[in-house]
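I have placed the structure first, in the form of structure tokens, so that the comments after it can refer back to it.
The values are calculated or read from the model by the stated rules, or taken from the named source; none is laboratory data. Note that the structure is a prediction, hence the values are computed from the model and not measured. Neighbour counts run over all protein chains shown; Cβ positions are idealised from the backbone, glycine included. Note: areas computed on protein heavy atoms with side chains; ligands, DNA, RNA excluded. Shrake-Rupley method; radii C 1.70, N 1.55, O 1.52, S 1.80 Å.
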Amino acid sequence: MRNKKSLLKITYTAIFTAIILLATSVIKFSTGLGEGYIHLGDSFVYLTACILPFPYCLVAGALGGALADILSGYAIWAIPTMIIKMLNAIPFMLVCRKHKSSKILSKHTILMTFASGIITIFGYFVTECILYSVASATLSLLGNTIQAVASGIIFVIIAKATDKINLKSKISKGV
């Protein structure tokens, strides 16, 4: 039974990694600000952190985001993205652990979209300061803020939909 649970955790991690990768690199919309774009990936990082246990949710978020960077031709961002996506998942993981529920959407997870949004904005600001310049990072703040707000809104929509089919309960039974 223990091997079956381990295999299920690894399988779900791989599935959520693929979903995050696709939601980041395939389903995206330009912000009209340079190379910035809004994607659905962060919303699925949040969702994954509400469903999968530690450390599996962190692995899925980190690998999904980093692979999206690599496959999109932005490999220089892969390591910072891994760190930022793991940090994005932590608020959701902690609140879901503290407030056990069969539902994903709650006032607590909605609040975590703000915490995670700040992590996204700050994380990419610091990364861009290191990779390029403070001026470049400052110009990217608006695009990163739009991404963070969009991720929160999309998460609420996705969480509400997945709660209707009891996705968290179905997956949690196996892991």
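Helix content alone sets the calculated 222 nm mean residue ellipticity of the chain: runs of n ≥ 4 DSSP H residues at -39500 (n - 2.57) each, divided across all residues, give -26500 deg cm²/dmol. Each Lys or Arg adds one and each Asp or Glu takes one away; over the other residues whose Cβ falls under 13 Å from the Cβ of T120, this sums to -1. What segment 29-175 shows is 49 Å² of accessible area per residue, with the surface traced by a 1.4 Å probe over protein heavy atoms. With a threshold of 24 Å on the Cα-Cα distance, the over-threshold entries among K85/K164; K28/K98; K85/K160; K5/K100; K9/K107 are K85/K164; K28/K98; K9/K107.
The residue among S43, I110, S25 whose Cα reaches farthest toward the positive pole of the charge dipole of segment 1-111, with charges on the beta-carbon of Lys, Arg, Asp and Glu, is I110.
I need the helices of the chain that pass two filters: whole DSSP H segments spanning 20 Å or more by Cα along the axis, and mean Kyte-Doolittle score no lower than 1.0.
Helices meeting the span and hydropathy rule in the chain are 56-71, 78-98, 107-131, 134-164.
Carbon-plus-sulfur accessible fraction, segment 94-175 (probe radius 1.4 Å, protein heavy atoms only): 73%. Taking amide H positions as modeled 1.01 Å from N, with prolines and chain starts lacking one, the residues under 5 Å from Y37 and 5 or more places away or on another chain are T31. Surface composition of segment 1-56: carbon and sulfur make up 67 percent of the accessible area, probe 1.4 Å.
The Cα center of segment 9-33 and the Cα center of segment 109-164 differ in position by 15 Å. Comparing F155, F16, F114 in a Gaussian network model of the chain (Cα springs below 10 Å), the most mobile by mean-square fluctuation is F114.
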